[in-house]
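The values are calculated or read from the model by the stated rules, or taken from the named source; none is laboratory data. What you see is a predicted model, and the numbers here were worked out from it, not measured in a lab. No Cβ is skipped: glycine too gets one built from the backbone with ideal geometry, and neighbour counts run over all protein chains shown. Note: areas computed on protein heavy atoms with side chains; ligands, DNA, RNA excluded. Shrake-Rupley method; radii C 1.70, N 1.55, O 1.52, S 1.80 Å.
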Amino acid sequence: MSRPPVSSTPGVTGPRAAEAKSLDRRDRAWWFDFGARAAVFVGGMSAILFIAAIFVFIGTQGLDFAIHRLSWSEFLFGTHWEPTVEPPRYGALPLIAGTAWITVVAMLVSAPLAFGAAVYVAEFARGKQREWLKIFIELLAAIPSVVWGVIGLHVMKPIIQHVFDVQIGLNVLNAGVILGLMAAPIITTIAEDALKAVPDTYREAAEAMGATRWQVIYRVVLPHARPGLSAAVLLGIGRAFGETIAVLMASGHRLMIPHSVFDSAATITATIAAELGEAAKGSDHYQVLFVLGLLLFLITFVINLTADWIVRGGRRRA
Amino acid sequence: MAEHLAIEAQSLNLWYGTFQALFEVDLQVRAGIVTALIGPSGCGKSTFLRSCNRINERLGYVSTTGTIKVLGQDVYGEQVSAIQVRRHVGMVFQRPNPLPLSIRDNVLFGHRLHSGKRVNKADGDALVEEALRQVLLWDRVKDRLDHKATGLSLEEQQKLCIARLLPTKPSVLLMDEPCSALDPEATAAVEDLIWTLRGKYSILIVTHNMAQARRASDECVFMLMGRVVEHSATEEMFVAPKQQETADYIEGRFG
Ligand SMILES: Nc1ncnc2c1ncn2[C@@H]1O[C@H](COP(=O)(O)OP(=O)(O)O)[C@@H](O)[C@H]1O
Ligand SMILES: [Mg+2]
């Protein structure tokens, strides 16, 4: 098959020849390149800008109160959160404890589930099955949190009441399970990436020495992927931490320190969501909610940075 | 007769999906000697080697007909598990592929898989020393056994990859171009090593390097396009090849 000869510099002949011959480098490709680079630069930097702006906004909203009137020892260790009672009490410990309890339960639920799924998808599933599984995992991640909240209210609640024979079905366990299921797809996706990043030559070497598939996985693949797996869990924790509406619906939102998984609890996020609408703008109550937001922000920040640090450390060692 | 054969292939055909890579391969590899497998790129040398320990099966789209016996047992037989086969048939790959573990853990990896129980420190030390001595690596690494194996030089890595096969006492060692990633000096060192292992193990080694085949083997097998063309004693093949194709290949007229 022969093709017609193609001129390598279109436009060199004909009326536009003079223009094309000029040495101005700012042709269309140059402008496009310039524009595209500027656009992605702005996009990239905007992440930093937004983070900074949000931090400043949250910080300033609560600043006055935090500096002049808030008792930090009461805020961090007080066990009574009664912002609307006279005199108001701002002990955030019940919220911190509720958040911690629910997050821990969520991780206990999601880590095994997600690691199991990740190992299956990365090491066993093949071809079409693998593709389909990944699509479903991504779909699971896309379910809106209010839907999970409804599941907590109307599905998990009666199940918990029935199975454990308890009065209250909206509690730490319920919220933990719901959050665990919500965090699982993210953990699965990141963990699967970590497993996929283990070079196949390692698997081949181990198999050639007579390792079974399981031995390959727990003696070679999992140890080598450990930094990535830890990061996956941390990011899952970050996800669970920041979730709001589903926990508000499933936890029972009781402002007291829970003493078992069957106690209702309240989280930092749910409290902000539930109370911010009622607090008068600029009031102490309004401001203390922003201090809570700041606390949340800092914790999430630390979790994410730790995850990042673990992954980097793991890369350097490998 | 059968116990003197390390590997015995009978009318072995192999397909990658629908692509046939081996045709009616009949091959008898004698025990206790070094047999070199030569032939142009893509003629099926690696494929044959990788059938002997069934590592080909990882791909999931490989099918075979015919038999391969290792030490008299059909490796594709019903009661035979690939795991057991691999314990008796060690493999050295083209690129050194130590596991990302310590030198010591690499040497003990196979042993730990197969011994079933925990290896105590003293036994482990003895095994590690013996294996590393056999590959002439002991003196060089004895002070850093807990360093990562991936930090060794390529030559040392490849020697380690041989050493880690030894504690499970394999009878056959398959080596797929073990020196092709090494510089000439390292190649010489690994070849020397292969010679010192001669007699203790039956060695089937694939090589692209005629000089290596000539120096480092007792018998030589020439393959072409998925078939065995000639199998004879090494001097004989290099001095008086029986087939025209063999002569052409040895003299560098193709491949
Ligand atoms: N994983 C594979 N999938 C499909 N075809 C393969 C695969 N590996 C090897 N082949 C084909 O099988 C033939 C023999 O390959 P191989 O055994 O690797 O040759 P050699 O080791 O002699 O260079 C070649 O044509 C190669 O393209
Ligand atoms: Mg090859």
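Scanning the stretch B:70-91 for residues that are within 14 Å of chain A (Cβ to nearest Cβ) and open to solvent by 40 Å² or more (accessible area, probe 1.4 Å), which turns out farthest from B:L165 (Cα to Cα)? If you could, list the steps in order and put the result at the bottom.
Step one: filter the stretch B:70-91 for residues within 14 Å of chain A (Cβ to nearest Cβ), giving B:70, B:75, B:80-91.
Filter once more, keeping what is open to solvent by 40 Å² or more (accessible area, probe 1.4 Å): B:81, B:83-84, B:87-88.
On the way: B:S81: 18, B:I83: 14, B:Q84: 14, B:R87: 8, B:H88: 9 Å.
So the residue we want is B:S81.
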Q: For A:E204, state whether it is charged (D, E, K, R), surrounded by 23 or more Cβ atoms within 10 Å (Cβ to Cβ) and either touching a residue at least 40 places away in the same chain (Cβ under 8 Å) or within 13 Å of chain B (Cβ to nearest Cβ) (or both).
A: no
Q. What's the number of the condition B:L5 fails, among (1) in contact with a helix residue (DSSP H, G or I) (Cβ under 7 Å, 6 or more places away or on another chain); (2) hydrophobic (A, V, I, L, M, F, W, C); (3) away from chain A (no Cβ under 14 Å); (4) more than 16 Å from ligand 1 (Cβ to nearest atom)?
A. (1)
Q) Pairs, please: C-beta under 9 Å, at least 6 apart or cross-chain, first residue free of Cβ contacts under 8 Å to residues at least 12 places away in the same chain and in the stretch A:286-303, second in a helix (DSSP H, G or I)? A) A:F301/A:I51; A:F301/A:F55
Q. So which of B:L174, B:L197 is of a type outside the set (G, A, S) and within 14 Å of another protein chain (Cβ to nearest Cβ)?
A. B:L174
Q: Could you list all residues from the stretch A:207-221 that are more than 8 Å from chain B (Cβ to nearest Cβ) and hydrophobic (A, V, I, L, M, F, W, C)?
A: A:W214, A:V216, A:I217, A:V221
**Q.** All positions within the stretch A:83-104 that are in contact (Cβ under 8 Å) with a residue 60 or more places away in the chain and either in a helix (DSSP H, G or I) or open to solvent by 50 Å² or more (accessible area, probe 1.4 Å) (or both)
**A.** A:T84, A:L93, A:P94, A:L95, A:I96, A:A97, A:G98, A:T99, A:W101, A:I102, A:T103, A:V104
**Q.** Subset of the stretch B:14-43 that is open to solvent by 10 Å² or more (accessible area, probe 1.4 Å) and within 8 Å of ligand 1 (Cβ to nearest atom) - its residue that is farthest from the other protein chains (Cβ to nearest Cβ)
**A.** B:P40
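Could you list, in sequence order, all residues of the stretch A:207-243 that are of a type in the set (G, A, S) and crowded, with 23+ Cβ neighbours inside 10 Å? Please lay out each step first, then the result.
Step one: of the stretch A:207-243, the residues of a type in the set (G, A, S) are A:208, A:210-211, A:225, A:228, A:230-232, A:236, A:238, A:240, A:242.
Selection gives A:A208, A:G210, A:A211, A:A225, A:G228, A:A231, A:A232, A:G236, A:A240.
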Q: Tell me which residues, restricted to the stretch B:192-214, are of a type in the set (D, E, K, R) and either within 13 Å of the chain's Cα centre (by Cα) or surrounded by fewer than 16 Cβ atoms within 10 Å (Cβ to Cβ) (or both).
A: B:D192, B:R198, B:K200
Q. Any idea which residue in the stretch A:173-201 is surrounded by the most Cβ atoms within 10 Å (Cβ to Cβ), counting only those that are of a type in the set (V, I, T) and within 14 Å of chain B (Cβ to nearest Cβ)?
A. A:V198
Q) Could we say that A:G78 is more than 27 Å from A:A184 (Cα to Cα), at pLDDT below 90 and open to solvent by less than 90 Å² (accessible area, probe 1.4 Å) here? A) no
**Q.** Among residues of the stretch A:161-182, those that are at pLDDT below 95 and either in contact with a His (Cβ under 7 Å, 6 or more places away or on another chain) or among the small types (G, A, S) (or both), counted
**A.** 1
**Q.** Count of the stretch B:44-56 residues which are within 11 Å of ligand 2 (Cβ to nearest atom), within 14 Å of another protein chain (Cβ to nearest Cβ) and either aliphatic (A, V, I, L, M) or farther than 19 Å from B:Y249 by Cα (or both)
**A.** 2
Q. When residues of the stretch A:43-75 are filtered for being farther than 18 Å from A:Y286 by Cβ and either open to solvent by less than 60 Å² (accessible area, probe 1.4 Å) or part of a loop (DSSP other than H, G, I, E, B) (or both), how many remain?
A. 6
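For every residue, the table says whether it meets (1) open to solvent by 40 Å² or more (accessible area, probe 1.4 Å); (2) more than 9 Å from chain A (Cβ to nearest Cβ); (3) without any contact (Cβ under 8 Å) to a residue 60 or more places away in the chain; (4) assigned to a helix (DSSP H, G or I).
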| site | (1), (2), (3), (4) |
| --- | --- |
| B:R58 | yes, no, yes, yes |
| B:T65 | yes, yes, yes, no |
| B:I68 | no, yes, no, no |
| B:Q94 | yes, yes, no, no |
| B:N97 | no, no, no, no |
| B:P100 | no, no, yes, no |
| B:R104 | yes, yes, yes, yes |
| B:G110 | no, no, yes, yes |
| B:R118 | yes, yes, yes, no |
Q: Determine which single condition B:G42 fails, assuming it passes every other condition in (1) out of contact with any strand residue (DSSP E or B) (no Cβ under 6 Å at 6 or more places or on another chain); (2) modelled with pLDDT under 90.
A: (2)
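When you check B:L132 against the structure, is it within 14 Å of chain A (Cβ to nearest Cβ), crowded, with 22+ Cβ neighbours inside 10 Å and either under 18 Å from B:H111 (Cβ atoms) or touching a residue at least 40 places away in the same chain (Cβ under 8 Å) (or both), yes or no?
Considered against the rule, which asks whether it is within 14 Å of chain A (Cβ to nearest Cβ), crowded, with 22+ Cβ neighbours inside 10 Å and either under 18 Å from B:H111 (Cβ atoms) or touching a residue at least 40 places away in the same chain (Cβ under 8 Å) (or both), B:L132 comes out as no.
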**Q.** Residue ID - nearest to the other protein chains (Cβ to nearest Cβ), chosen from residues in the stretch A:222-242 that are more than 14 Å from A:A118 (Cβ to Cβ) and small (G, A, S)
**A.** A:G238
Q) Condition test on B:F48, is it within 16 Å of ligand 1 (Cβ to nearest atom), touching a residue at least 24 places away in the same chain (Cβ under 8 Å) and in contact with a Cys (Cβ under 8 Å, 6 or more places away or on another chain)? A) no
